[in-house]
Structures are given as structure tokens and as C-alpha cells.
Amino acid sequence: MPASQSAAVQTPQTYQPRIFSGIQPSGGLTLGNYLGALKRFVEKQDEGIETIYCMVDMHAITVWQDPAKLRQQTREGAAAFIAAGIDPSRSILFNQSQVSAHAELGWIFSCIARMGWMSRMTQWKDKTAGKNAEAASLGLFAYPALMAADILAYKATMVPVGEDQKQHLELTRDIAIKFNNDYGVDFFPVVEPLIEGAATRVMSLRDGTKKMSKSDPSDQSRINLTDDADTIATKIRKSKTDPLPLPETVDGLKDRPEARNLVNIYAALAGHTVDQVVADFAGAQFGTFKPALADLAVAKLSPITTEMNRLMQDPAEIDRILGHGADRAAALADPILEQVYDITGMIRSRRR
Ligand code: AQP
């Protein structure tokens with residue numbers, strides 16, 4: 001309904017600070033997922049903000065997933081969250097498909113979002129580039145509407161993500177604004193993306209212009225959270241670089257995507273600024289820098305891998321944690337969804 005025909009806009013609401021974010025179990029998690037998302041999810045939890053984290057399995061099936069692998073990857077992803085420091089008694093941790101509010105609100109948002117908005121999404125363009133877009137799933141096209149539902153089903157106000165998700169979050173804002181305008185309500189918050197730190201976009205180890213991705217066909221392009229110490233060290237040693245030494249200033253990393261990527265990774269893992277890392281390694285050859293980076297990566301990632309492996313010994317316990325998280329998530333989302341049905345004029349008279 002156009003805004004002009006709808007009820008008067010209510011007094012602007014204040015929304016409780018609440019964080020939502022998710023990761024697709026579309027493969028094993030990578031260093032990119034860790035630095036761009038997981039590590040920051042833990043920091044937000046530890047700041048005491050209400051945090052809701054989700055393995056977004058319904059997003060994962062927008063491209064083909066083998067069922068047995070999807071189950072394994074969902075449990076492994078949940079284990080990675082816990083091993084990295086997410087405490088399921090403080091944060092809500094669950095998998096998306098267990099809370100039906102995501103799918104239900106996703107449909108409503110598919111009716112709010114416009115085809116033109118979706119077709120401008122760079123992730124859609126990237127994932128269909130060089131392929132027959134007609135053969136892509138409708139779900140892949142509508143992905144950002146479901147993502148908006150993931151966030152707004154909880155009226156989350158902040159979403160920590162990597163740089164690649166910025167455009168999807170802008171679309172989430174557009175959906176919230178259009179819903180509020182169309183129905184003449186001040187119901188959904190306009191969310192803030194939290195894109196912070198030295199590694200908001202970790203690049204492939206084989207090509208510094210390409211994002212490190214769990215679905216890249218080359219395993220050498222990424223560090224997986226399941227890689228052992230030797231594999232991590234070998235991948236870093238063999239990572240693509242240029243023949244120059246590291247520069248004296250950050251400006252010297254311009255037009256050196258592979259060098260910049262490794263320096264960014266070092267800074268994010270060490271918790272230092274990029275300037276500090278450049279100052280510490282000014283003039284060093286990669287023969288010196290890469291072993292230092294490998295030692296740091298192993299020191300930071302190995303404890304997580306060890307804990308993940310321990311947790312994966314008891315998949316029933318992981319399922320129990322996800323189920324408990326889903327109950328808590330549904331308790332927040334269901335009343336919000338009921339209000340959405342009411343706002344949109346859908347009758348809810350069935351006995352439960
Ligand atoms: N390379 C990256 N650098 C920084 N952040 C990253 N993220 C992903 N890759 C990087 C962040 O991780 C969160 C979860 O991402 P996702 O699993 O939902 O999907 P994605 O962004 O599409 O990640 P992948 O690894 O590239 O998955 P596939 O290959 O399945 O598409 C997000 O916050 C994302 O920004």
C-alpha cells in the first residue's frame with residue numbers, strides 16, 4: 001500500500017541495542033570468516049550487548065548443498081563459534097531453519113523488496129558471472145530479503161559483518177524504511193552495519209584482488225579453521241607475493257594487493273594497527289615476514305581448531321545447544337512476527 005493511503009506514522013520508537021549476525025554453513029569456515037565476523041562477534045558479546053548469532057543454513061541452500069555435508073558444516077560452524085569464544089548461555093546461538101520466523105518474514109520482505117533492488121546486488125552478479133543466470137535459484141536472487149528478515153525478526157539494531165555484506169545491509173535498511181512507510185508505522189529499526197578492524201576484507205592467498213571464500217575451488221586460496229599448524233604454515237609460505245621488500249609506510253602498500261593482504265591479516269591477528277605492523281617490518285623480505293605471520297596465525301588459530309575438534313566429538317551436545325538457542329530466538333522473534341501479521345492485515349485466529 002502506498003504511504004499516502006496508510007495509517008498515520010506512530011511516534012518514533014527507541015530500539016533496544018541488539019546485535020544479530022550469521023554465517024553460512026556452505027563450507028568450512030575460513031580465516032576471512034574468523035577475522036571479518038567471528039572474532040568481532042566475540043568482542044561484541046564481551047561488551048555486554050545482547051547478541052544473537054546464527055548458522056544460516058537456509059541461505060546456504062541457495063546453492064546446492066549435499067545434505068550430509070550441510071549437517072556436518074552446520075555443527076562444525078557452531079563448534080567454531082563456541083571455540084572462538086561465543087558462550088551459548090550469554091549469546092543466543094542457533095541455526096536459522098529451526099526458527100520459522102525467518103522464512104515467514106523473508107516472504108513478506110520478498111513482497112516489499114523490488115526486483116530492481118535485487119538485480120543490482122554485486123553478490124548476485126558475482127555469483128552468476130560467467131554462468132547462466134537463468135539457471136540460478138530464485139533463492140539466490142532473493143537472498144538479501146531473507147537476510148533482512150534474519151536481522152529484523154529480532155529488531156536488531158547493529159550487524160557486525162565483513163565489507164562484502166555492506167550492500168546487503170543497505171538493502172536491509174531500504175526494506176525496513178519501505179515497510180515502515182508503506183504501512184505508516186515506525187516498526188522496524190534502520191540497522192547499523194558494524195564494519196570495523198584491520199581485516200574487514202581478507203583476500204585470497206592466491207590472488208590479492210579476490211575475497212578469501214569458503215567456496216573457492218582452490219583450498220590453497222584460504223586458511224580453514226580446521227587446518228593444522230603445518231598446513232597453515234605451508235599455505236602462508238606459498239601465498240602469492242611480489243618480489244619487493246615490505247615498505248616503510250602504509251602508502252607503499254598501494255598497488256600491492258597481496259602484500260597489503262598479508263599485512264592486514266597480521267595486524268588483525270596481532271590486534272595491532274596496520275601502521276604498527278608496517279613500522280615493525282619496514283624493509284623486511286617476505287622470507288622474514290611470512291614465517292612471523294605463520295607463527296602468529298598458528299598461535300591464534302590452533303587453540304580454536306583444537307577446541308573445535310573436541311566439541312565435534314559430541315554432535316548431540318552441539319544439536320542440544322542449537323535447539324536451546326532456537327527456543328530462545330523464537331521467543332524473541334515470534335511476538336514480533338505476530339505484530340507484522342497484524343500490521344499487514346493477515347488474520348491470526350487459529351488455536352495453538
Ligand atoms: N574474506 C572475508 N573477509 C572478511 N570477512 C569475510 N566474511 C566472509 N568472507 C570474508 C564475513 O563472514 C561473515 C559470514 O559470511 P557468509 O558465510 O555468510 O558468506 P560469504 O560472505 O559469502 O562468505 P564466503 O566465505 O565467501 O561464503 P561462500 O563462499 O559460501 O559465498 C559475513 O559477515 C562476511 O562479511
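The values are calculated or read from the model by the stated rules, or taken from the named source; none is laboratory data. Since the structure is predicted, the reported quantities are computational estimates derived from the model, not experimental observations. Counting neighbours? That spans all protein chains shown, and the Cβs are built from the backbone with ideal geometry, glycine included. Only protein heavy atoms, including side chains, enter the accessible area calculation; ligands, DNA and RNA are left aside. Shrake-Rupley method; radii C 1.70, N 1.55, O 1.52, S 1.80 Å.
Applying the selection to region 330-352, what residues are of a type outside the set (S, T, N, Q), part of a helix (DSSP H, G or I) and either exposed (fewer than 14 other Cβ atoms within 10 Å of the Cβ) or modelled with pLDDT under 95 (or both)?
Filtering region 330-352 for residues of a type outside the set (S, T, N, Q) gives 330-338, 340-343, 345-348, 350-352.
Cutting the leftovers down to part of a helix (DSSP H, G or I) gives us 330-338, 340-343.
Within region 330-352, Ala331, Pro335, Glu338, Asp342 meet the criteria.
If you go through region 116-127 one residue at a time, do you hit one that is more than 15 Å from the ligand (Cβ to nearest atom) and touching a helix residue (DSSP H, G or I) at 6+ places or on another chain (Cβ under 7 Å)? Yes, there is a match, as at least one residue in region 116-127 is more than 15 Å from the ligand (Cβ to nearest atom) and touching a helix residue (DSSP H, G or I) at 6+ places or on another chain (Cβ under 7 Å). Please go through region 161-189 and give me each residue that is modelled with pLDDT under 95 and either touching a helix residue (DSSP H, G or I) at 6+ places or on another chain (Cβ under 6 Å) or not assigned by TED's automatic domain parsing to the domain that holds Ile108 (or both), ordered by number. Gly162 - this is the single residue of region 161-189 that is modelled with pLDDT under 95 and either touching a helix residue (DSSP H, G or I) at 6+ places or on another chain (Cβ under 6 Å) or not assigned by TED's automatic domain parsing to the domain that holds Ile108 (or both). Residues of region 105-113 include none that is in contact with a Gly (Cβ under 7 Å, 6 or more places away or on another chain) and part of a helix (DSSP H, G or I). Within the option set Lys210, Lys178, Lys155, being over 26 Å from Thr306 (Cβ atoms) and without any contact (Cβ under 8 Å) to a residue 60 or more places away in the chain holds for one residue only, Lys210.
Whenever a residue of region 51-74 is over 22 Å from Tyr154 (Cβ atoms), its partners that are part of a loop (DSSP other than H, G, I, E, B) and of a type outside the set (S, T, N, Q), lying with C-beta atoms within less than 6 angstrom and at least six residues away or across chains, give the pairs Gln73/Pro25.
Restricting attention to region 128-141, the residues that are surrounded by 12 or more Cβ atoms within 10 Å (Cβ to Cβ) and either within 12 Å of the ligand (Cβ to nearest atom) or free of Cβ contacts under 8 Å to residues at least 40 places away in the same chain (or both) total 5. For region 202-212, a tally of residues being open to solvent by 30 Å² or more (accessible area, probe 1.4 Å) and either among the small types (Gly, Ala, Ser) or not in a loop (DSSP other than H, G, I, E, B) (or both) returns 1. Every condition in (1) open to solvent by less than 50 Å² (accessible area, probe 1.4 Å); (2) more than 11 Å from the ligand (Cβ to nearest atom) is met by Asp216 except one, and the failing one is (2).
Among the conditions (1) open to solvent by 30 Å² or more (accessible area, probe 1.4 Å); (2) of a type outside the set (A, V, I, L, M); (3) more than 13 Å from the chain's Cα centre (by Cα), Lys39 misses just one, which is (3).
Could you list, in sequence order, all residues of region 218-236 that are among the β-branched types (Val, Ile, Thr) and more than 14 Å from Asp295 (Cβ to Cβ)? If you could, list the steps in order and put the result at the bottom.
Looking only at region 218-236, we keep the residues that are among the β-branched types (Val, Ile, Thr), and these are 223, 226, 231-232, 234, 236.
Once the filter is applied, which keeps residues that are among the β-branched types (Val, Ile, Thr) and more than 14 Å from Asp295 (Cβ to Cβ), region 218-236 yields Thr226, Thr231.
For Thr226, the requirement of being in contact with a Gly (Cβ under 7 Å, 6 or more places away or on another chain) and either in the same structural domain as Ala79 (by TED's automatic domain parsing) or in contact (Cβ under 8 Å) with a residue 24 or more places away in the chain (or both) is met. Of the listed requirements (1) within 12 Å of the ligand (Cβ to nearest atom); (2) in a loop (DSSP other than H, G, I, E, B); (3) in contact with a helix residue (DSSP H, G or I) (Cβ under 6 Å, 6 or more places away or on another chain), Pro88 misses just one: (1).
Residue pairs whose Cβ atoms lie under 6 Å apart, separated by 6 or more positions or on different chains, with the first residue in region 15-32 and free of Cβ contacts under 8 Å to residues at least 24 places away in the same chain and the second more than 8 Å from the ligand (Cβ to nearest atom) and of a type in the set (Gly, Ala, Ser), do not occur. Within region 49-63, the set of residues being in contact with an Asp or Glu (Cβ under 8 Å, 6 or more places away or on another chain) and β-branched (Val, Ile, Thr) comprises just one member, Val56.
Among the residues of region 261-291, those identified as open to solvent by less than 40 Å² (accessible area, probe 1.4 Å) and within 27 Å of the chain's Cα centre (by Cα) are Asn261, Leu262, Val263, Asn264, Ile265, Tyr266, Ala267, Ala268, Leu269, Ala270, Val274, Val277.
Being at pLDDT 95 or above, of a type outside the set (D, E, K, R) and more than 15 Å from Gln24 (Cα to Cα) is true for just one of Ala145, Ala133. Which residue is that?
Matching residue, one of Ala145, Ala133: Ala145.
Regarding Gln72, is this residue open to solvent by 40 Å² or more (accessible area, probe 1.4 Å) and assigned to a helix (DSSP H, G or I)? It is true that Gln72 is open to solvent by 40 Å² or more (accessible area, probe 1.4 Å) and assigned to a helix (DSSP H, G or I).
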